[in-house]
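Here is the structure we will look at, set down as structure tokens.
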């Protein structure tokens, strides 16, 4: 049953009475708490009390911990980003850049084809791989184009450059300033050298078993048709001398000669 509240008039004022276990007189304008026995105002809302200082300290501690956690996560991400830096992209970009200031390095050698068993020949505008060892058309002047592995190949006898046109065909040109005449040297795992076009990426210098040039779009790095070996012409001494080293022995104590008495 709901609790009964009675109002009595005493001295011109009404006093509230409520049965909450026992009937008692309360000050005017107040009602006893129906659940907890506390006092409520006449509007029925409980009185507000200020938050304790401990709550503020707990909130600030949580905020500080969150900031430290975010800072730690940021540092970890920066460290991982530095560890995953790929310098191959930088090297590749610098290798493709032209270098017209540095002094060019010029080398003379032959390129032995793995498939034809002969050497590359620059016969004017025609290119083949049918040259014998020491053939005058097989002697190539290789000029470095950048600090990387970009080179220009010119026939010593004809002064024509080895180039690859937009169709992927190997041709000889008297002027080698075009980027079609620049190739990137790649040393493979089997110690062979591959020549990739600097302008048409993925197109390689290659020859068939009969010494005929293959078109660039039909070549791949793992094909034997694009594998070459550098060989010096007959009678030419290798410029790079083999590495020499001397053995170091343990120092011994010097023995002084004894004076005869």
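Out of the residues in region 153-189 that are under 26 Å from the mean Cα position of the chain (by Cα) and in a loop (DSSP other than H, G, I, E, B), which is modelled with the highest pLDDT? Let's see the steps before the verdict.
Pass one, region 153-189, residues under 26 Å from the mean Cα position of the chain (by Cα): 182-189.
Subsequent filtering for residues that are in a loop (DSSP other than H, G, I, E, B) retains 188-189.
Numbers: 188: 92, 189: 89.
The residue in question is 188.
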Modelled with pLDDT under 90 and either in a loop (DSSP other than H, G, I, E, B) or over 37 Å from the mean Cα position of the chain (by Cα) (or both) - does that describe any residue in region 224-233?
yes
Region 169-187, residues that are farther than 16 Å from residue 144 by Cβ and touching a strand residue (DSSP E or B) at 6+ places or on another chain (Cβ under 6 Å):
170, 171, 172, 173, 180
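The values are calculated or read from the model by the stated rules, or taken from the named source; none is laboratory data. Quick caveat: nothing in here was measured; it's all calculated off a predicted structure. Cβ: placed from backbone, ideal geometry, glycine included. Neighbour counts: every protein chain shown.
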